[in-house]
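Written out below as structure tokens is the structure these notes cover.
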Amino acid sequence: MNFVIHPDFHMWFMLAVTAVAVFAFVREKIPLEITSIALMTVLLVYGQVFYIEDASSPEGGLTPDTVLSGFANPSLIAVLALLVMGQGMIHTESLRFITNKFVSSDKRFAWFSLVSILVFVCVMSSMMNNTPLVIIAIPLLQALARSVGMSSSRFMMPLSFVAILGGMTTLVGSSTNLLVSSTMVELGYKPLGFFDFIIPGSVLAFVGFIYVLVVVPYILPKRKTIAEELVGDEKEFVAELDISEDSKLVGVECVEGTFHGLEDMNVKLIQRSGHLILPPFEGYKIHKGDILIVATTRQTLGNWLSKYPGFLLSEEEAEIIEGGNEEKGAEGDSEHGTVKIEGAETRVLAQIMITPASRMIDMSLEHVNFHKQFGAIILGIQRRARVVRRRLGRIRLEAGDVLLIAGKNSVVNALRNNPDFIVLSGSKKDLPVPGKAPMAIGIFLLTIGSAASGLVSIPAAAFAGAAAMIASGCLNIRQATRAIDRKIFLLVGSMLALGQALQVTGGAEYISSLIMGASFAQTPLAMVAMLFIIVAFTTNIMTNNACAILFTPIALAIADNISQPPDLEYSLSFIFAITVVFAANCSFASPIGYQTNLLVMGPGQYRFRDFIKAGVPLVLLLWCTYIILAWSYFGL
């Protein structure tokens, strides 16, 4: 059933859908996957109800085949395959073996090691997904920062920034680059080549790297060093206190916003007989059986665990953390906080972070059953440098969550080899070369080499490389499927469909005409400059992939409506497309703009404003640099 109505209605409807989708992606009140599925549903149903004329298809421009074609997009398949290859590199510890070569045991060369690792991450990001690189480098940089007596917060944000900068230089450096090229192909343009923008990309990366290395570490607020964290930690974690019948807290009343005995804890919620009591608690008394959700520091939780283990642990958990007496008196690792429980052996407090490919993602803490699986107890959780107001066991884990755990030193050290976690404040000792590391490195180099030389296409090379990783035993099929990010899959597929809808309804053309109609954008150089800053702003409030797919048709529509200067070496469509590539990669001013920003937010103890403070000047610096490149290199 198809109704034929005025074409302008289709355009305005799709613009409205785009606005709602962008708003939903920015707010993140609804999970990104749900928003993507809802968007696909609207487009599928709308295309079935209304006929949208398209000269290239007599069936209409919004058929189910058209809407769903994004999920079979070759560039999307390449992105997912590259994620699998990256997970193979992590699982075999191939990159850790290489990065450990930069680490010197001589403290005098610690600064050289820090810079070398940042350079290595920047260079390698041009050839592979940067998330595995950041995961490998986080504990190394933490250990190096500790060796020079500096806070790791001065290096975590630079780590993420240099990884993003390196991804600007080649076609496979970022999923954003591949998706821009793929959108160009769908719109009938020549795709971007592997090294087509390596020169301007390298200039931008070099300028950004100097800023990141020289300026960023010194404009970020001073945070506690790792050595100071051993004594105390100001970061807050959410934790549970179970009030038993014989608890000293029973009957304690809240006076002036504070419960006596809980002065060092911020009570966020009280669960009583299935009911929730929210602040303010003035006049409320604590009853037996209450469950208090509190926010407090690691030091406070450690003290409570030592003095009152029954508040934080069940009997079963207390038995696990106390263990046997066969190791009584053992010393804890100096890099973790220590806690002693009722004369048992010395235990350690440690912080671990959930990796993007972790099988724990979307599982509640109750479902994970951490203490039975790993022999350690979760005391608290921190998400994006903020606490979560709900029962600890009901919190569903997300990539980047930092968990405060307590357990035996051997148990914590064993978690270092688990790909589901990053143990923060890690050791920098050399690790042996795993048996599969040479195989993984060989597969990676062969994949990149064949794609860069043009011997095979990037999607074919990436897919074959992922298959080779599985076939060679570098990772199994279950680990490979965990590496495939369903958020990327659903987001990219839905945004490709939305981009097609904007194209066939004239929405992209309308937005491009608004940009071209600006009084201060009357030359190609001015339009490129305005497009860059608009895309750079948008990429920091929504994901870079969605931003690239959304603006590529708009950029190409602008290029089509400008007459090509006769002496211009490059086509305008190419210049405007790589403008989107570079601008969409400028995800520096917000932690939500890029996944690596979220990964370093916990270890670096950052706040949202820290990214604004360090990232906005970098975006403006790259904007000015690109305007100069557009004038001098491209000849605009």
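The values are calculated or read from the model by the stated rules, or taken from the named source; none is laboratory data. Here the structure is a predicted model, which is why all the values come from computation and not from measurement. Note that each Cβ is placed from the backbone with ideal geometry, even for glycine, and that neighbours are counted across all protein chains shown.
The single residue among LEU445, LEU490 that is farther than 30 Å from TYR51 by Cα and either touching a His at 6+ places or on another chain (Cβ under 6 Å) or at pLDDT 85 or above (or both) turns out to be LEU445. Does any residue of the range 246-260 turn out to be loosely packed, with under 14 Cβ neighbours inside 10 Å and either touching a helix residue (DSSP H, G or I) at 6+ places or on another chain (Cβ under 6 Å) or closer than 28 Å to GLN351 by Cβ (or both)? No, the range 246-260 contains no residue that is loosely packed, with under 14 Cβ neighbours inside 10 Å and either touching a helix residue (DSSP H, G or I) at 6+ places or on another chain (Cβ under 6 Å) or closer than 28 Å to GLN351 by Cβ (or both).
Once the range 472-510 is narrowed to residues that are polar (S, T, N, Q) and without any contact (Cβ under 8 Å) to a residue 24 or more places away in the chain, the residue that is nearest to THR35 (Cα to Cα) is THR481.
Would you check if there is a residue in the range 451-474 being part of a helix (DSSP H, G or I) and polar (S, T, N, Q)? Checking the range 451-474: not a single residue is part of a helix (DSSP H, G or I) and polar (S, T, N, Q). Restricting the range 361-390 to residues that are in a strand (DSSP E or B) and of a type in the set (A, V, I, L, M, F, W, C), the residue that is modelled with the lowest pLDDT is LEU379. Being in contact with a helix residue (DSSP H, G or I) (Cβ under 9 Å, 6 or more places away or on another chain) and at pLDDT 70 or above holds for only one residue in SER104, SER151, and it is SER151.
Among the conditions (1) over 26 Å from the mean Cα position of the chain (by Cα); (2) in a helix (DSSP H, G or I); (3) at pLDDT below 80, VAL26 misses just one, which is (1).
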